[in-house]
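Visitor: Please find one structure pasted underneath; my questions will follow.
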Amino acid sequence: MSSINLTSLGANQLKNTTTGEMVEIGSLWREQAVVLFFLRRFGCQVCRWMAAEVSKLEKDLKAHGIALVGIGPEETGVKEFKDGGFFKGDIYIDEMKQCYKDLGFKRYNAINVVPAAMGKKVREIASKASAEGIQGNFSGDLLQSGGMLIVAKGGEKVLLHFIQKSPADNPPLEEITKALGISANVQAGEKPQVTEGSICKIRQE
């Protein structure tokens, strides 16, 4: 069971990337259930692939009155991310990174970020993203991790609190729909297998 205090968390301020307006994150779940996807970086190739994956649920979420929202830790790269059409929901920025802190999304350091970014799972998703034409860059904060939070309408309860353990971690689409108690007719993208002996050009972290 999640120990998140939604009242405290809900007071945190986010910036709407379309209007520039500052809003409380709690306003996003006041009238409807919401899936909050916290990106590591807008320029992250792996994050962009994950954003495209979760966006496959957008139509089904909308049909059930559930919002899909993306949140980034900084403004760097947001225009390119939006122009690329990687994510189908509204996008906000947690300029103070307070939600990231409150939700336990860890920060790497200069020592542990390299092995984390070079892990097999990261290479697999980077390979899949490249095959789908999704590229990335190294601009912005390279050390922040992310995750996902799903909140019931009215902030009644937390339905899912997912914390990345590695840069490639993301909840399966079926785990998201199960938490919401809905069904969705979507096919998750398969992550290609990368053998230890293969040579991959890592475009992202």
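Visitor: Run the 1.4 Å probe and let me know the accessible area of THR17, rounded to the nearest 10 Å².
Guide: Only protein atoms counted, so the area is about 40 Å².
Visitor: Express in nm, to one decimal, how much length is gained between LYS178 and GLN32 on full extension, taking 0.36 nm for each residue of separation and deducting their alpha carbon distance.
Guide: Extending this stretch completely gives an extra 50.9 nm.
Visitor: Which value, in Å², gives the accessible area per residue of the stretch 1-94 when a 1.4 Å probe is used on the protein heavy atoms?
Guide: I get 42 Å² per residue for the stretch 1-94.
Visitor: Amide H of LEU159 versus every other amide H placed in the peptide plane: which residues, excluding those fewer than 5 positions away on the same chain, fall under 5 Å?
Guide: Excluding prolines and chain starts, which carry no amide H, the hits are ILE150, VAL151, ALA152.
Visitor: Of the listed peptides 142-154, 170-182, what is their order by residue-averaged count of other C-beta atoms within 10 Å, with the highest listed first?
Guide: Order by mean packing, descending: 142-154, 170-182.
Visitor: What's the carbon and sulfur percent of the stretch 57-106's accessible surface, probe 1.4 angstrom, rounded to a whole number?
Guide: 48
Visitor: Beyond 16 Å, what share of the Cα-Cα pairs of the stretch 138-181 is found? Please give it as a whole percent.
Guide: Summing the P(r) tail past 16 Å for the stretch 138-181 gives 48 percent.
The values are calculated or read from the model by the stated rules, or taken from the named source; none is laboratory data. If you're wondering where the values come from, they're calculated on a predicted model, not measured in any experiment. Every residue, glycine among them, receives a Cβ derived from its backbone with ideal geometry; neighbour counts consider all protein chains shown. Heavy atoms of the whole protein, side chains included, go into the accessibility calculation; ligands, DNA and RNA do not. Shrake-Rupley method; radii C 1.70, N 1.55, O 1.52, S 1.80 Å.
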